[in-house]
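The values are calculated or read from the model by the stated rules, or taken from the named source; none is laboratory data. Predicted, not measured: the structure shown is a model, and the values here were computed from it. Because the Cβ atoms are built from the backbone with ideal geometry, glycine has one as well, and the counts that use them run over all protein chains shown.
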Amino acid sequence: MTGVGIDGIEIHTGKLRLDLAETFAPAKGDDPEKYTKGLGLYASSFPDTYEDIVTMGANAAHRLMERKGLTPEDIGRIDVATESAFDHSKPVSTYIAGCLEQVFDGDFHHANKGERKFACVAGTQSIDDAYNWIKAGRNRGRAALVIATDTALYARGDAGEATQGAGAVAMLIDEDPNLVELSTEQGYGSADETDFLKPNQQFPSVDGKRSVQVYLARMREALVDYQSIGGDVHPDRFRLGPFHTPFPGMVRKAAVLAYRHITRDTEIEAELADEIGRQPRHAEFDDDDAFLEAVQEYTDALTETSRYQSWYARTIDPTLSLSRRVGNWYTGSVHVARVSGLKALAEEGEDAVGKRLLVGSYGSGAQAEIHAETIQPEWRSEIDALNIDDHLASRYELSFSEYEDVHDSHNYDEETSIEEFTPPESEFAFDGWGRMGERKYRYVE
């Protein structure tokens, strides 16, 4: 049967940049390494005053469709994943479709449109929906447009403030994909958790310590579930491991736990035994506390081995380079990680056709999903067509007082009137309010 996957991808970052070490840390009275080494972040991206989840999503989708030579008639569904929606009824996908109809001939009147919500995992769930739609034969030869778009802002002074970010990832899901083919096999880890939520409020309520614990627990459950259907997950079978990346420091924690799990009862564990011993087994201990202490000691030792560090540098670290420069994009973060890793392979000139990715998505509340992807023959042309480096280099550098102003301008509870920091050009921009309180948009030449 014909493979289905991601045929093309585009990224649009917020047009403003906040340097965490040079600007944010001094204003907060913090050591810059709290952010650069602890969190693993160097900068955050922010939307200008005329940018929001619609403009960023529409701009990413516009460039993707233009580059792929598509018209509205080629698109059978538009799914938007976001944690930043501003209406409980009208989906963001309708706004984005309206924007795209300003620049393309034709319309999306016969495309199915929707909005997905499950925290950060919703972007992957939207890809799953499109995959199933195509595999079921209901697409009539058309492709699906999946857009993950968010402004991941926290209240001023919140512990998560340094992890903020804003941007959109647009993905074309189709048969015979150019970039990656998706596996049929998936693994899930899901539970009713209260680690991060927005109960009718703009800024999240977060239990940071609990959120890390839930993230790691659900990821492990999803990995175990994936193994039950997808078979052995050996470190050497996967070239990259893109994880959901709220900040790279979180991925460091997840990566070593994943490596410990997938090397158990393998030749790798046996080879490391002379150096750090075998992994503790629960049956060897009289109580849980002693077992957990032994596991932690083993894990700490594992991170210091050259075998683990080599795997991490090859498989995980390449997926984090973009995140370090843009911050958390909620629904888009794992998809930024995928692009980051593939971009690194392209820049190294690696022949990656046929190599596999093990992708770990997560959403608070909470659910994790693991699936595999296989790199396709035309992957390099798709990655080379990205202009993310140009986007990143052209961002306006914010001072701390300007950061405070732009944060207030995107705070629904603040009445502000500040000038834009960059002029809109060849892009969609917010254009005020309609008679029913709806948002209006226009394309600026």
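Worth pointing out:
- Test: residue in the stretch 304-318 that is in a helix (DSSP H, G or I), over 25 Å from Ala352 (Cα atoms) and modelled with pLDDT of 95 or more: no
- Residue check, Asp265 in a loop (DSSP other than H, G, I, E, B) and surrounded by fewer than 19 Cβ atoms within 10 Å (Cβ to Cβ): yes
- Ala81 being over 24 Å from Gly5 (Cα atoms), in contact with a strand residue (DSSP E or B) (Cβ under 7 Å, 6 or more places away or on another chain) and crowded, with 24+ Cβ neighbours inside 10 Å: no
- Residues in the stretch 418-441 that are loosely packed, with under 14 Cβ neighbours inside 10 Å and either within 17 Å of His12 (Cα to Cα) or hydroxyl-bearing (Ser, Thr, Tyr) (or both): Pro423, Glu425, Ser426.
- Any hit, the stretch 272-292, residues being in contact (Cβ under 8 Å) with a residue 24 or more places away in the chain, buried (at least 19 other Cβ atoms within 10 Å of the Cβ) and either closer than 24 Å to Val336 by Cα or not β-branched (Val, Ile, Thr) (or both): yes
- Matching residues in the stretch 232-251 - criterion: being out of contact with any helix residue (DSSP H, G or I) (no Cβ under 8 Å at 6 or more places or on another chain) and touching a residue at least 24 places away in the same chain (Cβ under 8 Å): Arg237
- Positions within the stretch 408-417 being in a loop (DSSP other than H, G, I, E, B), over 24 Å from the mean Cα position of the chain (by Cα) and surrounded by 11 or more Cβ atoms within 10 Å (Cβ to Cβ), in sequence order: Thr416
- Test: residue in the stretch 345-365 that is in contact with a Gly (Cβ under 9 Å, 6 or more places away or on another chain), within 30 Å of Val4 (Cα to Cα) and in a loop (DSSP other than H, G, I, E, B): no
- Looking across Ala152, Ala166, Ala119, Ala148, one residue alone is at positive phi, within 21 Å of the chain's Cα centre (by Cα) and buried (at least 17 other Cβ atoms within 10 Å of the Cβ). It is Ala119.
- Residues of the stretch 390-407 classified as modelled with pLDDT of 95 or more, surrounded by fewer than 19 Cβ atoms within 10 Å (Cβ to Cβ) and either part of a helix (DSSP H, G or I) or within 18 Å of the chain's Cα centre (by Cα) (or both), total: 7
- Restricting the first member to the stretch 130-150 and to residues that are modelled with pLDDT of 95 or more, and the second to residues that are aromatic (Phe, Trp, Tyr) and crowded, with 24+ Cβ neighbours inside 10 Å, the beta-carbon pairs closer than 8 Å and six or more apart or on different chains are Ala148/Trp329; Ala148/Tyr330; Asp150/Trp329; Asp150/Tyr330.
- Some residue of the stretch 311-322 being more than 14 Å from Phe243 (Cβ to Cβ) and among the polar types (S, T, N, Q): no
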